[in-house]
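Visitor: Below you will find the structure I want to go over with you.
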Amino acid sequence: MISYRIWVPSTQSYLRMYEINCEQYRDILKTVEDSDNFNYYTNKLLKENIADQYNLSKDGFTPTLIDKFIIMLQLKAYSCNTNLSLTRECSKCGTKTDFVIDLNILIDTLAPVVDRSFKKTITVGSYSVVCDIPSINLNPNAEVFTDDQKLNRYLYSFISDISLSDSKLLLPTRSDDEKFRICQSLPYNITYAVKTQFVDYIHNIFKELLFFKTKCNDKKCNDELEIKFDVLNIDDIVKILFRDSNNTNMLQQYASVSNHCHFDYNFYKNICPAELETLYNMITESTKTDNQEQNTNQDIDLFQQYRSQTQGMVESDSEFK
Ligand SMILES: [Zn+2]
């Protein structure tokens, strides 16, 4: 399988990752309407697609949510296409506006803000709390939690490790629930410091970060349509990448290609959406030429053609003559 060097903001280094293949893309499309499954599936994909010989996960690398977005953005550009075609419905007049985002320009726009590690250590008394963008392993918004729990879990999701005097608590190696209990037992002035010195600061950085801006298609309305980069809902932004109308017809392309070429199923599983699209375009092109040829041949006498094809063959007498 083809792999690429993918830039990871939090580690400020490259990670070798496999492209997204058609089977994975199909599964992403299947889960895109269901947030919980989408998060689960895309996180699983991130880990599976790290190329083995460069596996950083064994050294404790867990992508943050921002890493996830930037990695998925690059994988999308390499495996599918660099243009993202989206349709946005105007909230004022209901007109649908189509627009195209160039992913390379998007990377350049986001880079000055997101291309860095956000890790910061906050010290209060004998406690040292390491804060960072939440890792992909945490899902503070899961349906199983009450609203109060969600609020706390959200705050704690920014705590990546704690040490008390000289002993480290090593949060990354603990389960979600264990981590929650440890954070819950922290003195109030510590969680308050985490909120004011880190979480609020992160919210401020991303508050006005614009992902894309365009105007409503309806000339009379001309309302501004914006997509903001919301650090609280990164998975929603990741979803936008895959709602691309260039690729949502992937299943139709697959059906058309497999109708014309009898490749092994594994062949389709392992190629990437960009390759499937190339195949699809080639087939559409060649069937178009076939049809044109058939149209120009319409006046030819088929019996004449048959005779010329069977020249030299001896006609046998029919039993029914
Ligand atoms: Zn409008």
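Since every read-out is calculated from the coordinates, none of them should be taken as a lab result. Note that the coordinates shown come from a computational prediction; the quantities given were computed from them, not determined experimentally. When we count neighbours, we look across all protein chains shown, and the Cβ atoms used for this are built from the backbone with ideal geometry, even at glycine.
Visitor: For region 189-221 and region 119-178, what is the separation of their Cα centres, given in Å?
Guide: 22
Visitor: Pairs LYS96/LYS213; LYS68/LYS195; LYS76/LYS120: which are spaced more than 19 Å apart, C-alpha to C-alpha?
Guide: Distance filter (> 19 Å) returns LYS68/LYS195; LYS76/LYS120.
Visitor: Quick one: Karplus J couplings for region 254-260, per residue in order, coefficients 6.51, -1.76, 1.60, θ = phi - 60°, nearest Hz, x for Gly and Pro?
Guide: Each residue's phi maps through the Karplus curve to give 4, 4, 5, 5, 6, 6, 9 Hz.
Visitor: Quick check on region 89-157: take the gyration tensor over C-alpha atoms, sort the square-rooted eigenvalues as a ≥ b ≥ c, and tell me if it's rounded (a/c under 1.5), prolate or oblate. Write down the numbers at each step before the final one.
Guide: On the way: a/c = 3.37, a/b = 1.53, b/c = 2.20.
Taking the square roots of the gyration eigenvalues as a ≥ b ≥ c, region 89-157 is oblate.
Visitor: Grab the other residues whose beta carbon is less than 13 angstrom from that of ASP102, score K and R as +1, D and E as -1, and report the net.
Guide: The answer is -1.
Visitor: Kindly identify region 142-279 as rounded, prolate or oblate by the Cα gyration tensor criterion: order the square roots of the eigenvalues as a ≥ b ≥ c, call it rounded if a/c is under 1.5, otherwise compare a/b with b/c, prolate if a/b is larger, else oblate.
Guide: Working: a/c = 3.47, a/b = 1.65, b/c = 2.11.
Judged from the Cα gyration tensor, region 142-279 comes out oblate (a/c at least 1.5, b/c at or above a/b).
Visitor: I need the shape label for region 1-152. Rule: rounded when a/c is under 1.5, else prolate if a/b > b/c, else oblate, with a, b, c from the alpha carbon gyration tensor.
Guide: Since a/c reaches 1.5 but b/c is at least a/b, the shape of region 1-152 is classed as oblate.
Visitor: Sticking with this one: Can you figure out the FRET efficiency of SER117 with ASP200, using R₀ = 22 Å and their beta-carbon distance, to the nearest 0.05?
Guide: Here the calculated transfer efficiency is 0.75.
Visitor: If you don't mind, another one. May I ask you to evaluate 6.51 cos²θ - 1.76 cosθ + 1.60, the Karplus curve with θ = phi - 60°, for each residue of region 62-68 and list the ³J(HN,Hα) values in order in whole Hz, giving x for glycine and proline?
Guide: The phi angles translate into 10, x, 7, 4, 5, 4, 4 Hz.
Visitor: Per the Kirkwood definition applied to all pairs of different Cα atoms, how many angstroms is the hydrodynamic radius of region 141-196?
Guide: That comes to 11.9 Å for region 141-196.
Visitor: Moving on to the next point. Tell me the label-point distance for the pair ALA51, LEU170, using the 7 Å Cα-to-Cβ offset, in nm and rounded to one decimal.
Guide: About 3.2 nm, to one decimal.
Visitor: Also, quick follow-up: Among 83-91, 160-168, how do they line up from the highest to the lowest mean number of other beta-carbon atoms within 10 Å?
Guide: Result, highest mean Cβ count within 10 Å first: 83-91, 160-168.
Visitor: For the peptides 274-283, 114-123, 128-137, what is the packing order when you average, over each peptide's residues, the other Cβ atoms within 10 Å and list the highest mean first?
Guide: 128-137, 274-283, 114-123
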